[in-house]
Amino acid sequence: MTTRFSGKVALVTGGAAGIGAATAKAFALEGARVVVSDIDVQGGEGTVAAIAAAGGEAVFIPCDVSDNDAVSALIERSVATWGRLDIAFNNAGVDIEKSKLADGDVETYDRIMDTNVRGVWLCMKHQIPVMLEQGGGAIVNTASVAGLGAAPKMSIYSASKHAVIGLTRSAAVEYAKKGIRVNAVCPAVIDTDMFRRAAAADPRKAEMAVAMHPVGRLGQAEEIAEAVLYLCSDMAGFTTGVALPVDGGSTAV
Ligand SMILES: NC(=O)c1ccc[n+]([C@@H]2O[C@H](COP(=O)([O-])OP(=O)(O)OC[C@H]3O[C@@H](n4cnc5c(N)ncnc54)[C@H](O)[C@@H]3O)[C@@H](O)[C@H]2O)c1
């Protein structure tokens, strides 16, 4: 166990699986006390158990990030549990769209926007007052390479991730002088349940996903966690308002 985040409290949404679970574990292994949050209670408790087994400290607090009252309660309970909130990784997201724009339906639009955009906005809305009172903090939001360019058959998802970057940049500028840094990570295709569900529905997808990365492979959740930890660390003290691709070179092509 290292101590880069000793004394810090980190909240991770979407912490039951994939990128969120890997990042919650990484924060805990570097000394942070962690709040794991998710709508998936079993998965969230599993992440907490894995952290405890590795000698780290974490609690699970369930929350649907699209629900204002639930997010408000999550932040209150996080502070009540660990006494402060230094770091927030707003990562919960859904990717449930497989059709061209004109074939999309209103329910899918609402569900993606509610989780990916409203959820990130609500989380920051309730986290920032706590950080202002403490005199600073670091926030990372999960966007995507789909927030940096086109994503065929995922136009709503792409719009939601462009919006996450807009929220990130605006908040970064608004709170820059208050000691709160706000950045986004933009993963390409990461080998999590989200990708596996899409690949199971369309086996060609797995092949195409590998081919889109110049490095010739998918990313791993732990590789996104490393970038998030860097952005939340003192090493990134002069970095705010960036949308950092962690993408195996895919946006360089
Ligand atoms: N996997 C990829 O290829 C990839 C690429 C780019 C960006 N992303 C983004 O990374 C983030 C994490 O994705 P992942 O790949 O780990 O997916 P995942 O499906 O493994 O994990 C997402 C987690 O978010 C939770 N969640 C969903 N809706 C929620 C809500 N309303 N409130 C609280 N929790 C909710 C789920 O229960 C799940 O545990 C997402 O924002 C996703 O859009 C993923």
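Note on the chain: with a GNM built from Cα contacts shorter than 10 Å, the maximum mean-square fluctuation among 197, 181, 169 falls on 197. What is the helix-to-structure angle for 155-174, meaning the angle in degrees between its Cα long axis and the longest Cα principal axis of the chain, kept from 0 to 90 and rounded to the nearest 10? The helix 155-174 is inclined about 30 degrees to the chain.
Could you work out [θ]222 nm for the chain from helices alone, using -39500 (n - 2.57) per DSSP H run of at least four and dividing by all its residues? Round to the nearest 500 deg cm²/dmol.
Values: 9 runs with 113 residues, N = 253.
Mean residue ellipticity at 222 nm (helix-derived): -14000 deg cm²/dmol.
The alpha-carbon atoms of the chain define a convex hull whose volume equals 121 cubic angstrom per residue. Dipole of segment 1-88 computed with +1 at Lys/Arg Cβ and -1 at Asp/Glu Cβ about the Cα centre; of 41, 29, 52, farthest Cα towards the positive end is 29.
Rounded to the nearest 10 degrees, the inclination of helix 18-29 to the longest alpha-carbon principal axis of the chain is 30 degrees. As a rough guide to protection, the peptides 110-123, 217-230 ranked by mean Cβ packing within 10 Å, highest first, stand as 110-123, 217-230. For the residues 161, 205, 177, 98, a 1.4 Å probe over the protein chains yields an accessible-area ranking, largest first, of 177, 98, 205, 161. Each Lys and Arg adds +1 at its Cβ and each Asp and Glu adds -1 at its Cβ; summed about the Cα centre, the chain shows a dipole of about 560 debye.
Shown for the chain: the carbon plus sulfur share of the solvent-accessible area, taken with all protein chains present and a 1.4 angstrom probe, equals 55%.
Summing Lys and Arg as +1 and Asp and Glu as -1 over all other residues whose Cβ lies under 11 Å from the Cβ of residue 154 gives a net charge of +2. Counting charges near residue 205 (Lys, Arg +1; Asp, Glu -1) among other residues having Cβ under 11 Å from its Cβ returns a value of +3. Amide H to amide H, with H built 1.01 Å from N, residue 56 comes under 5 Å of no residue 5 or more places away or on another chain.
Residues in the chain average 46 Å² of solvent-accessible surface per residue, probe 1.4 Å, ligands and nucleic acids excluded.
With 23 Å as the limit on Cα-Cα distance, the pairs of 98/161; 25/178; 100/125; 161/205 that go past it are 25/178; 100/125. Inter-part distance, segment 186-253 to segment 78-132, computed on C-alpha centroids, equals 19 Å. Compare the Cα positions of 81, 104, 115 along the charge dipole of segment 73-115 (+1 at Cβ of Lys, Arg; -1 at Cβ of Asp, Glu; about the Cα centre) and return the one farthest towards the positive end. Checking the options against the dipole of segment 73-115, the answer is 81.
The values are calculated or read from the model by the stated rules, or taken from the named source; none is laboratory data. All figures in this text were calculated on a predicted structure; none of them were measured in a lab. Every residue, glycine among them, receives a Cβ derived from its backbone with ideal geometry; neighbour counts consider all protein chains shown. Protein only, heavy atoms only, side chains kept; ligands, DNA and RNA dropped before computing areas. Shrake-Rupley method; radii C 1.70, N 1.55, O 1.52, S 1.80 Å.
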